[in-house]
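Structure first, commentary second.
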């Protein structure tokens, strides 16, 4: 089966901040730093232009997924060290989110993250720091033959509070296996081992034994 090179769906990011990137200036000769009156209102003008393009494409039957720009935040745990990957403290499913909000250092940033997750229509499941340290948020939402699946380690499953486990179990089958070596030596868990593939399946594909 051939795969078309042209798509009927696109993802666009509505910028919260916008301007020239000094790091890219050396290789991008198309950038022009604004001067005078053009310096004001740049993020707003950029957001308007993104919105206009999205609307124009939508009028021609293109599905446009328009997301907000990232919400930056700092994390701290243990001896004040940051969390090395977001997927250690946050996991997203179709209608749920698992987050260890307590490791987000600033109260305002913490509230913004939880609010954004709630605004997305997801059921927000907050877990304590101890559960996060046991990789309770390093999980992945998948679609199995019989329905939704959440892949995680046995350690993560055991560390989930009962309420969190029940709320996730209502939405998916929890598939857990021991990943002790991966977790203790590598510092990662189930989500770190998995990358989603959205390409169509082809005949003759094998399965792991």
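At a glance:
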| item | result |
| --- | --- |
| Protection proxy ranking of 168-176, 49-57 - average other beta-carbon atoms within 10 Å, highest first | 168-176, 49-57 |
| Theoretical ellipticity at 222 nm over the chain - DSSP helices of four or more residues, -39500 (n - 2.57) apiece, nearest 500 | -7500 deg cm²/dmol |
| DSSP beta bridges in the chain [antiparallel fraction, %, rounded to 5] | 40 |
| Pair residue 86, residue 33: separation of 7 Å Cα→Cβ label points (nm) | 3.0 |
| Top of 144, 121, 41 by mean-square fluctuation, Gaussian network on the chain, Cα under 10 Å | 41 |
| Degrees separating the helix 42-59 axis from the principal Cα axis of the chain, which is the longest one | 80 |
| Degrees separating the helix 107-119 axis from the principal Cα axis of the chain, which is the longest one | 90 |
| Value of relative contact order over the range 34-181, rounded to a whole percent, pairs C-alpha under 8 Å and six or more apart | 17 |
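Readers should treat all values here as calculations from the given coordinates under stated rules, not as data from a laboratory. In this text, all values refer to a predicted model and were calculated from it rather than measured experimentally. Positions of Cβ are backbone-derived with ideal geometry, glycine not excepted, and every protein chain shown enters the neighbour counts.
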